[in-house]
Amino acid sequence: MSVGRSLFAATLAGVLALAVSPASSQTLRYANQGELKSLDPYTLNESTTSAHLGHVYEGLVARGKDLKIIPALAESWETPEPTRWRFHLRKGVKFHNGDPFTADDVVFSAERVRAKGSNFQSRIPADAKVVKIDDYTVDFILTSPNPILTALWATWYIMDKKWAEANDAVAPTPAAATTPSYASLHENGTGPFIIESHQPGVKTVFKVNPNWWRKPEHNLKEIIFTPIANPATRVAALLSGEVDVIEPVPVQDIERVKASPNATALTGPELRTIFVGMDQARDELLYSNVKGKNPFKDVRVREAVYRAIDVDLIKNRVMRGLSTPSALMVAPEIFPSKDFARPKFDPDAAKKLLADAGYADGFEVTMDCPNDRYVNDAAICQAIVGMLARINIKVDLLAQPKAQYFAKVLKPGGYKTSLFMLGWTPDTLDSQNVLHDIMGCRDDPKDPNRGEANLAGYCNKQFDELADKVLVESDSSKRDLLIKQAFELSMKDWAYIPLHQQALAWGVSKKVKLTQRADNMVMLYWATKQEE
Amino acid sequence: MTEPVLSVRNLQVEFASRRGTLRAINDVSFDIAKGEVLGVVGESGAGKSVTGLSVIGLIDPPGRIAGGEVRLAGLRIDNLPPEEMRRVRGKRIGMIFQDPLTSLNPLYKVGDQIVETIRTHLNLSEAAARRRAIDLLAEVGIPAPEKRIDGYPHEFSGGMRQRVVIALAICAEPELIIADEPTTALDVSVQAQIISLIKRLGRDHGTAVMLVTHDMGVIAETSDRVAVMYAGRVAEIGPVQDVVKNPLHPYAKGLMGAIPTLAGDDKRLVQIPGSMPRLSAIPRGCSFNPRCAFAFDRCRVERPEPLPRGAQSVACHLYDTVPAESAA
Amino acid sequence: MSEAVVPHTTEKRAAAAPGRFRRALDSDLFYSFRRSKVTMIAAGVTLLFFLLAIFASVLSAQNPFDPAQLQLMNSRISPLWTADGQSPFLLGTDEQGRDVLSAILYGLRISLLVGVLGVVLSGAIGILLGLTAGYFGGAVDGLIMRIADVQLSFPAILIALLINGIAKSVFGNKLDEMSMLAVLVFAIGLSFWVQYARTVRGSVLVEKNKDYVAAAQLIGLPAPVIMLRHVLPNTTGPILVIATINLALAIITEATLSFLGSGMPETMPSLGTLIRIGNGYLFAGEWWIVAFPGLALAALILSINLLGDWLRDALNPKLR
Amino acid sequence: MLAFTLRRAIQAIGVMIAVGIIAFSMFRFAGDPVNQMVGMDTSGAERAAIRKSLGLDDPVIVQFGRYVGNAAQFKFGVSYQFRLPVTNLLMERMPATLELAICATIFAMISGIMMGVYSALRRDSWLAHVFQAVSLIGISLPTFLIGILMIYLFSVTLGWLPSFGRGDVVHIGWWTTGLLTLSGLKALIMPSITLGLFQMTLIMRLVRAEMLEVMRTDYIRFARARGLTTRAIHFGHALRNTLVPVITVAGLQFGSVIAFAIITETVFQWPGMGLLFVQAVQNVDIPIMAAYLMMVSLIFVTINLVVDILYTIVDPRLRSTVSRAH
């Protein structure tokens, strides 16, 4: 009876599914300002590309709607020893070409992602060993404990060994490849969608994968992705109903989109922190009228600049309320703490501090700023220029497209900046990345990668020691304490001026239900669209 | 007497301009009989070309015929509706312009232009029109017409082009040909040929010709009668021998004096002092009075009307009150 | 973009009508000016714009180029006559609290400066090259005219983009607002010289064969000087027409460059930059940020074009 | 004729070489492509390796030699952004741009000639004045503003026309066309008008001026004196003579249309070469920029050549004496 009933139910469900699914499966049209730049999942570590590829490829782990690490191709894992991670793989998973997914593919992918030309080499420590135990069990053996080993694995996508070998795609396609490899033009993942056609910069069509191992939460039969770089055109396409989802919506258009009868805007805090930095490494600023000394080396000047910037006003006026002023260099989702408050906006104190430092009449300095990277980036910089003008710091603003901007201020360009604005999302979703990359001393002989993105050249050995302890500490409460101490130290030094976490804003048709994730990755396998 | 081919009566042509209305033609009357060649002579600006254009109805705005009438074989044509006037042009009145270099459309073969004109006016087939075009070209003296008919205008010399223009003017056997300075733009050697061609065609087809020129020599050679124009009026009109030998109007005298004669006598060319007034500043009374050696008070206040003097007609007060005596 | 149009007519005219301009100026020009109401209005508007630009600093509520004068508090205020309007911001304010009216006045100054200097530069280059080509003839003429041919087939906007890009890459990131302005002037100047060169060259070729040149040379006067005295007056009319039309084109070119991100920076916006910025706020309902600069630009260019049209017709009696 | 074509062809090659040098030297300095190719967290050593593998560390002269050698074989390398051969990318995008440019030109020619002829023949009618006003406004508003306003009106407010893209395209060999589908045709309307508006204005004014000029010529007067119908005079004689300069200008303008498509394509997200170029500029994608410039130059010189030949076909005076002095 029970067998009969359940059989009956299953049959009924099947019939229903057959009857319903053709009608209810929908085409979702999606437009993003960015582009799907390569189909080889190891070529480019860039969030838009990773998000797109996340529809066709999967990692051992994934991030859920709340960004928590959840099992994906690995059903479960454990750490029998601090340096050994054991992953139990999901059975019955097939790649899009029908190849079964096994431990060999994991071992292969682990080698490929660390090979020369991969842009994701740091996903797995270079000295880690990956060992196949059986077809569905893999061990990762590390040389030192790493509590956040899987933090970045949601975007370490597993590739098919057989397919790669058959198509001469064993080596990852380097970003600088001069001939496209098979893997950069074709995909063979395990994910919920299959790329049917890909015309770079024009259109990419994703068809649903009927053999996906997970039960789909979406009701889509295909996704048509179009990059639309021009913000006004993108918004117009949404308002006129030509696309169902856009990312991002310019902040000034959010109200308009919300007021529209057929679309709405999904907004929420993003993990990216926008901050201002001052060059405190050089003895003389590159771009200033102060000669022979560097005013930003004086902690009073740094505090003055900090106190002269009114982040609330920026939030209300420039960001239209869609930003969260931040005391820390990381978002509260990454390091939730109630112990930090942003030092108060106080232009009079700022003036006094400047006078104390010997700059009562102010000084001149050039500020570098991107104008096509972050939400209203140039406008924020302009506002800051105005605010600093009131404490007599005359700022010459150099707002440039990101290509030129990054070429100038990043390490390869020689950190050529005196005052700048930058945004940062720790892709490990962990504070340690910020402590190490942005606030660690540059030119550490033991760790050349420390301070890689520390454009301000802030350097405090005590701080670096704390950061190193954070890396290896596996006890999370002890770890949080260390992080807190590090942040406190940097605030005492007025090392950086965090401004806010910008809001992410997606435009979504009223026909579409969608989950918004704070890392701003648009995952359409959680989207449902009403019948048309 | 048979009806003249062209009869112009009291023609007035005005140009509206920002300095007021200018009268380019003022009370001009003349007739041309069948087969007759009327020469119209005068300095530039005298209104001779405008007279020709108003006869064929091609005065461009802001010009307009303000008064008088033009009759073609008795039919009044100055007030015809545009479409009917168009049918008159080319069909009943042919026109030849000054510059053969610019009269032909450079982008069309000459044959096409002739055929186009023939077929506009005569109900002929393409082939028949082409045959006629070849005949016409032969008639105007173009060698190897069956070959040249497919040539473009720029492949013809100036004289040859003017022959083509003439062929175009006569292609529908018009009753009247208006030739506006047909030889001015041509070499002297070619001039005579063109003149004799026009004369021959007029004779052969019995066509009336109105020959507009500033060249008294051409007139003397070609015309049956001559009209001397000055400042928009006919100063004197009459048979060509009479006017040349015995000009009545002081202006005509001056003009005739300007013809070099074969006699080669020591009489110096008479120069008329001064120049023709601008249309905007035509003097009161006789428009010639400021330049006239014989002018008297009446000339300065009263406009002289044409007076018949034998076969001639002259607009001069000298011949009104004191007949003939002071005219020497 | 109209470079291909004007030479066709002006070259002919310059050759056919020596001294026409001078004669025209005596009476006809002024008359036809007085006769056309539209032209008078256009001239009035153009003059007004120039005056506004010159006296921008006196007329403005604030100096929009000085960040210290911008109050973020005052951002996005709608025009005075609307419900949320605030004095003294007659036409409202933008995202940065910049008074739209002041920004327009100062932007007008930049736009006109770029336009006028660009036109002057292109005129100077064009006249010089035209004189050189016409006077020397031969290989020099061939070379200059070939360059002109090539350049003519490339739209000014692409040339300006190129020059802009080259300047940017040569000077790297050291370009501040004033040098950006200089780059724009340079880019526009180098994109628009061809028409002048052709006009002047045509006129030189006509004058060169005239007797007085030979006569002047006989008595030992330098021919170029003599020719200059004749050539320049003869070409003044056509050059004036080209310059007027090019002024409008130059201003639009600057605006377009700024749309493509190669124009004046946002800290010293021209009208074009203001429109580009404001464009982003159109959907948000903050129409005044783009509408007024747009209207100002359109009115300015329309007036200049009307003047140019009238000038071209007035100097060409055939068309009257 | 052959000698003439040959001379033009040699000139064209000269132009291409000059453009090549400009393209190379400009893009040699246009910012560091490596920054665009990798994420921000890529290490300095990795960046240096990429630079080396791209040959960006070689002496300039070596890089130029390599560039010329490759360009001569139509090899422009691989796009830094898309990691695809640039030639393929451009060929893929070319149909979109050419289709747009041709539609814009046809629109501009037809409406421009009609409006120009009308306003020349009926100079003082109110409609002629309206045309004049429209033409002035057409050149007084920047293209991008017109495009945005049209999108706002026809896509967002009225919902009649698509705001971006080409709609559905049909593949015919390597060519793609939007002319065969309804959505493709609808998508063409606004971009074509936006792009063609300036040309329309230009052609209209040119036609009007030339027509007025032609109408005053002796051969038109003579044609009237021959009693030809007004139709034959206006459309047979006057228009044909007017069209000679119009063809020249429209032909030369076709190059401008392609270049101006950069703006239109950006506004309407039209997947053509212009959009690719703008994206390449933003991303310092040197191979695409260089190839675009070369490609567009090639189109320009080809057009010039074609226009010259067309010219000789339309104007018989030039057939015998082809030396067309500029």
Q.
As I understand it, the value is the acute angle between the Cα axis of helix A:347-356 and the longest principal axis of the Cα atoms of chain A; what does it come to in degrees, rounded to 10?
A. 50
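Under the classification rounded if a/c is under 1.5, otherwise prolate if a/b is larger than b/c and oblate if not, where does the range A:270-503 fall, given a ≥ b ≥ c as square roots of the Cα gyration tensor eigenvalues?
Rounded, because the longest to shortest axis ratio a/c is under 1.5.
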(Q) For the protein assembly as shown, what does the helix formula give at 222 nm: sum of -39500 (n - 2.57) over DSSP H segments with n ≥ 4, over the residue count, nearest 500 deg cm²/dmol? (A) -15000 deg cm²/dmol
Q) Toward the positive end of the charge dipole of the range C:36-315, about the Cα centre and with charges on Cβ (Lys, Arg +1; Asp, Glu -1), which of C:SER60, C:VAL231, C:GLY85 goes farthest? A) C:VAL231
Q: Would you mind ranking A:ASP475, B:ASP135 so that the residue whose beta carbon has the fewest other beta carbons within 10 Å leads the list?
A: A:ASP475, B:ASP135
Q) If you look at just the Cα atoms of the range D:95-270, how large are its Rg and its Dmax in Å? A) 18.4, 57
Q) Quick one: helix A:476-492 against the long Cα principal axis of chain A, what's the angle to the nearest 10°, folded into 0 to 90? A) 30
Q.
If packing is taken as the average number of other Cβ atoms within 10 Å across a peptide's residues, how do A:368-375, C:205-212 rank, most packed first?
A. A:368-375, C:205-212
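Ranked highest first by the average count of other Cβ atoms within 10 Å around their residues, in what order do B:231-237, C:120-126 fall? Write down the numbers at each step before the final one.
Values: B:231-237: 26.6, C:120-126: 19.6.
Result, highest mean first: B:231-237, C:120-126.
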**Q.** Inter-chain shielding of C:305-313 (mean C-beta neighbours from other protein chains, 10 Å cut-off)
**A.** 2
Q: Distance check, please: which entries in A:LYS258/A:LYS344; A:LYS37/A:LYS484; A:LYS91/A:LYS203; A:LYS203/A:LYS402; A:LYS352/A:LYS461 exceed 26 angstrom between their Cα atoms?
A: A:LYS258/A:LYS344; A:LYS37/A:LYS484; A:LYS91/A:LYS203; A:LYS352/A:LYS461
Q) Counting pairs of alpha carbon atoms under 8 Å apart in space and at least six apart in sequence, what relative contact order in percent does chain A give? A) 19
Q. Using Cα pairs under 8 angstrom and six or more residues apart, how large is the relative contact order of the range D:95-270, in percent?
A. 36
Q. So what is Rg over Rh here for the range C:36-315, counting just Cα atoms and using Kirkwood for Rh?
A. 1.07
Q: Please report A:THR102, A:THR528, D:THR105 as a ranked list, fewest other C-beta atoms within 10 angstrom at the top and most at the bottom.
A: A:THR528, A:THR102, D:THR105
Q.
Just to be sure I understand the rule: take each whole DSSP H helix in chain B, project its Cα atoms onto its long axis, keep it if the span is 15 Å or more and its mean Kyte-Doolittle hydropathy is at least -0.5. Which ones pass?
A. B:110-121, B:126-139, B:158-170, B:188-205
(Q) If I fit a long axis through the Cα atoms of helix A:2-24 and take the longest principal axis of the Cα atoms of chain A, what angle between them do I get, 0 to 90°, rounded to 10? (A) 60
Q) With a Cα-only, solvent-free Debye model of chain D, what are the log10 I(q)/I(0) values at q = 0.13 Å⁻¹? A) -1.09
Q. Which whole number gives the average count of other chain Cβ atoms within 10 Å of the Cβ atoms across peptide B:85-94?
A. 3
Q) Relative contact order, percent, of chain D when contacts are C-alpha pairs under 8 Å separated by at least 6 residues? A) 27
Q) Say the dipole of the range A:270-503 comes from +1 at the beta carbon of Lys and Arg and -1 at that of Asp and Glu; which of A:ALA350, A:ALA389, A:ALA495 then lies farthest toward its positive end? A) A:ALA389
Q) How many times 2.2 N^0.38 Å is the alpha carbon radius of gyration of the range A:169-248? A) 1.35
**Q.** Ordering of A:507-520, A:339-352 by packing [mean C-beta count within 10 Å, highest first]
**A.** A:507-520, A:339-352
Q.
Give me the mean projected area, in nm² to one decimal, of the convex hull enclosing the Cα positions of the protein assembly as shown.
A. 71.7
Q. Dipole of chain B (Lys/Arg Cβ +1, Asp/Glu Cβ -1, origin at the Cα centre): which of B:ILE170, B:ALA231, B:VAL40 lies farthest to the positive side?
A. B:ALA231
Q) What does the convex hull of the Cα atoms come to per residue for chain A, in Å³? A) 167
Q: For a label point 7 Å from the Cα of A:VAL472 along Cα→C-beta, name the residues of the range A:412-447 whose backbone N is under 13 Å from it.
A: none
**Q.** Kirkwood Rh and Cα Rg combined as Rg/Rh, chain B
**A.** 0.99
Q: In whole angstrom, note down how far apart the Cα centers of the range A:313-385 and the range A:194-222 are.
A: 42
**Q.** Residue exposure sequence - A:TYR30, B:TYR108 - by fewest surrounding Cβ within 10 Å
**A.** B:TYR108, A:TYR30
Q) Can you give the mean number of other chain Cβ atoms that lie within 10 Å of the Cβ atoms in peptide C:60-70? A) 3
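A short reminder: the numbers here are calculations on the coordinates, not readings from a lab. From a predicted model like this one, the values you see are computed outputs, not experimental measurements. Quick reminder, even Gly has a Cβ in these numbers, built from the backbone with ideal geometry, and neighbours come from all protein chains shown.
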